[in-house]
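Since every read-out is calculated from the coordinates, none of them should be taken as a lab result. Keep in mind that what you see is a predicted model, and the values were worked out from it rather than measured. Methodologically, a virtual Cβ is constructed for each residue, glycine included, from the backbone with ideal geometry; neighbour enumeration extends over all protein chains shown.
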Amino acid sequence: MVELSHESTVISLDGISLSFGGTRAVHDVSFYVNIGELFAVIGPNGAGKTSIFNCISGVYRPQKGSITFLGEELIGQSPEYIARIGVARMFQNIELFDNLTVVDNLMLGRTQHLAYSVLSALVYSPKTRRQETANREVVEGLIDFLDLEAYRAFPVGMLPYGAKKRVEFGRALAMDPKLLLLDEPVAGMNVEETEDMARFILDVRAEMGISMILVEHDMGLVMDLADRILVLDFGERIALGTPAEVQGDPKVIRAYLGEDLSETTKELT
Amino acid sequence: MSKATASSHRTTRGRPQLFTSYAQETAVFNTRVKRNWVLVGILVMLVLPFFMQRDMVALITTVFIFAIGGIGLNLLTGYAGQVSLGQAFFLGVGAYTAAVLGGESRSGVIGLGWDMAIWLPLAGLVPALIALVLAPLAMRVRGLYLAILTLGLVFIGEHIFKEAKPITGGAGVGRAPADPVFLGFDLFANQTILGYRIDRFTIFYVACFIIFVIMAFAAKNFARSRFGRSFAAVRDRDIAAEVMGVSLLRTKTLAFVISSFYAGVSGALLSIVIGRISPETWNILLSIDFLAVIFIGGLATISGSIMGAVFVVLLPKGVNAITPYIPGFGGVGEGGVLNVFELQTIIFGLLIILFLILEPRGLYGLWLRLRNYFKAWPFSY
């Protein structure tokens, strides 16, 4: 059941397997994401969703399979290299630099775009100033876009949860990614904040045309936003298709709701 | 539009100025008040030695030198979060590099007698190079493990310094430091400039002050550049930093190297103030002094490192001054419950504990509180 990747594919995973000792986290998972597509990965807790993200961004190294990003093999590359070629990531548990301001956090997302030398930094040469200012403008644009102006100069550690999530999103966007990995962007948010985040995601897609892989437990959000959905259970792929197809899949229903108990009880009696 | 920009530069009715460009906001002195006060401070510090006693001039010179080393350690420990106890080792390497290149060849020790313009940069570069070689090893570990590893460096260093007699003069003997002759001008000799006779301590004070100001500004620039940010990123969340495209190994190595450069320069200058350097100088206690500089001064701030250096160097002097008034404390060599040195050590330890508990941002944090209090005065609550 391996789909062939084609010209318009941004990333394709082929037979990815990852295990820690005897524990199988991901087993033979394959999928591809088209350019500009919003692809969702869902599944119960421990299904291997975040593990797949860790494989793509180079934090984990799968034992089997291959990951091709714009024609380039990612397995074996360092996280830093993968970031440089255009894969950005938003973490599930907020991983911001707490002591730095919102601006500095976003500026760190611009790391790839700053190229002055150590010596140039020590004397703060015109080259340094020019690059810093140019990237600062991009960052301020994102701060504006994400409604973070009020928090601009605050250390991120002081911000409320919803704002932190937006900073994370902004930091990933600041990297000018070709592929954005969103790991539960609305976890723990109320309805209003969730709607805001959904709007940001749709705006990013419409304005910047960035391909995205979304991991999320909020089914409403996933069904509304995603073009296609991959469903995992115990590290294995159990379904892949449009939201409508996935919703009706008996395997998916079983994974989420469990076996039909009435049949089991019938057998017993 | 341009009219509006021009007018917002001016202060109207005591209101703070607005930032009108990103370059202006990120500048070292982003307000005119800050810039003016620093300029005043620099002028005062340049005039001060002419009105002070000789030993006080030497003491303040030591403050500058400690501030250089402290800034270096703060880049590594404060900004990049890598706790190092190895600062004394790199100070020692800097001191001996300077002594070999700039000292005199006498009684079995090597000295090339080069100019300070050559030995001063090399006194920084040689320790930096050693740090670069050690980095792949040292940067594999972090936290307490790195502290222990760098502590080992100090012990190994002390042993090597004691044994390498042609370079260091050996244990208990020591050697003379480098001669601070900068482009033919002796910075540690009484000079007559424009008809005025200037004391050698004053001349060396001014020289150290200039080196200190240059290095402090460089560090400040460095801290607000992409490197300073990636240091902080590695300190706060290393995995996230990596996913942002910050190389952990390269960043930590850079922190280690640049910190050692500062330590080396600091060590070279310190050896001249001390006058005669023995291998025992570069021990664990000196490393702890530098840790005290940054903990008391304030982690991850350049100005904090300077405040810490002032405090750590002047504290013994202050303790000396107050001991006669405290009953039960004997002076140097006298009886009593405690002597001055013991009292110093106790106060030192006590202060580090108090700062860690009460104001982890150190003296810099105290300064911030004070400033914010008076900013809103009389409505500060």
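Sorted from longest to shortest, the spans of the Cα atoms of the range A:53-120 along the three principal axes equal 40, 31, 18 Å.
Computed over the range A:23-89, the convex hull of the alpha-carbon atoms projects to a mean area of 4.9 nm². Does the range B:69-219 come out rounded, prolate or oblate, given a ≥ b ≥ c as the square roots of the eigenvalues of its C-alpha gyration tensor, rounded meaning a/c under 1.5 and, failing that, prolate meaning a/b above b/c? Cα axes put the range B:69-219 in the oblate bin. Take the alpha carbon gyration tensor of the protein assembly as shown, find the square roots of its eigenvalues, order them as a ≥ b ≥ c, and report rounded if a/c is under 1.5; if not, report prolate when a/b exceeds b/c, else oblate. Because a/c hits 1.5 or more and a/b exceeds b/c, the protein assembly as shown counts as prolate. Each listed q (0.08, 0.10 Å⁻¹) maps to a log10 I(q)/I(0) for chain B, found by the Debye formula over equal Cα scatterers with no solvent: -0.46, -0.72.
Which whole-number percent gives the relative contact order of chain A, counting Cα pairs below 8 Å spaced six or more residues apart?
Working: 459 pairs, mean separation 69.2, N = 269.
This gives 26 percent for chain A.
Rounded to the nearest 500, the helix-only mean residue ellipticity at 222 nm of chain B stands at -21500 deg cm²/dmol, with each DSSP H run of n ≥ 4 adding -39,500 (n - 2.57).
Take peptides A:183-192, B:244-253, A:47-56, B:187-196 and line them up by average Cβ neighbours within 10 Å, highest first, as a rough protection proxy. Walk me through the numbers on the way to the answer.
Working: A:183-192: 16.7, B:244-253: 21.1, A:47-56: 23.9, B:187-196: 11.3.
In decreasing order of mean packing, A:183-192, B:244-253, A:47-56, B:187-196 become A:47-56, B:244-253, A:183-192, B:187-196.
Cross-link partners for B:LYS252 among the lysines, with Cα-Cα distance under 23 Å and sequence neighbours closer than 8 places in the same chain left out: B:LYS220. Relative contact order for the range A:97-174: 53 percent, from Cα pairs under 8 Å spaced at least 6 residues apart, divided by residue count. Between the Cα long axis of helix A:161-174 and the first principal axis of chain A there is an angle of about 70°, rounded to the nearest 10. Other residues lying with their Cβ under 14 Å from the Cβ of A:GLU72 contribute a combined charge of 0, Lys and Arg counting +1, Asp and Glu -1. Principal axis extents of the C-alpha atoms in chain A (largest first, rounded to whole Å): 82, 40, 35. Rounded to the nearest 0.05, the FRET efficiency derived from the C-beta distance between A:SER78 and B:GLU25 at R0 = 45 Å is 0.85. Treating r as the C-beta distance of A:LEU70 and B:LEU18 and R0 as 41 Å, the FRET efficiency rounds to 0.40.
In degrees, nearest 10, range 0 to 90: what is the angle between the Cα axis of helix B:32-47 and the longest Cα principal axis of chain B? Roughly 30 degrees, rounded to the nearest 10. Computed over the range A:97-174, the quotient of the alpha carbon radius of gyration and 2.2 N^0.38 Å is 1.12. In this simple spin-label approximation, B:MET56 and A:PHE20 carry label points 7 Å from Cα along the Cα→Cβ vector, and these lie 6.3 nm apart. Cross-link partners for B:LYS317 among the aspartates and glutamates, with Cα-Cα distance under 17 Å and sequence neighbours closer than 8 places in the same chain left out: B:ASP55, B:ASP289, B:GLU342. Kindly express, to the nearest 10 degrees and within the range 0 to 90, the angle between helix B:54-73's C-alpha long axis and the longest C-alpha principal axis of chain B. Roughly 70 degrees between the two axes. Shown is the FRET efficiency for B:ALA189 and B:GLU163, computed with R0 = 41 Å from the Cβ-Cβ distance and rounded to the nearest 0.05: 0.80. Computed per residue of chain A from DSSP H runs no shorter than four, each worth -39500 (n - 2.57), the mean residue ellipticity at 222 nm is -12000 deg cm²/dmol.
Considering only the protein assembly as shown, what is the antiparallel percent among its DSSP beta bridges, to the nearest 5? Write out the running numbers ahead of the final one.
Working: 28 of 46 bridges.
Restricted to the protein assembly as shown, the bridges split so that about 60 percent are antiparallel.
Placing dummy labels 7 Å off each Cα toward the beta-carbon, the span from B:ILE239 to B:VAL33 is 4.4 nm. Using only side-chain charges placed at the Cβ, +1 for Lys and Arg and -1 for Asp and Glu, the dipole size of the range A:97-174 relative to its Cα centre rounds to 200 debye. For A:LYS64, a cut-off of 29 angstrom between C-alpha atoms picks up these lysines, skipping any fewer than 8 places away in its own chain: A:LYS49, A:LYS178, A:LYS251. The mean count of C-beta atoms from other chains within 10 Å of the C-beta of residues in B:24-32, rounded to a whole number, is 2.
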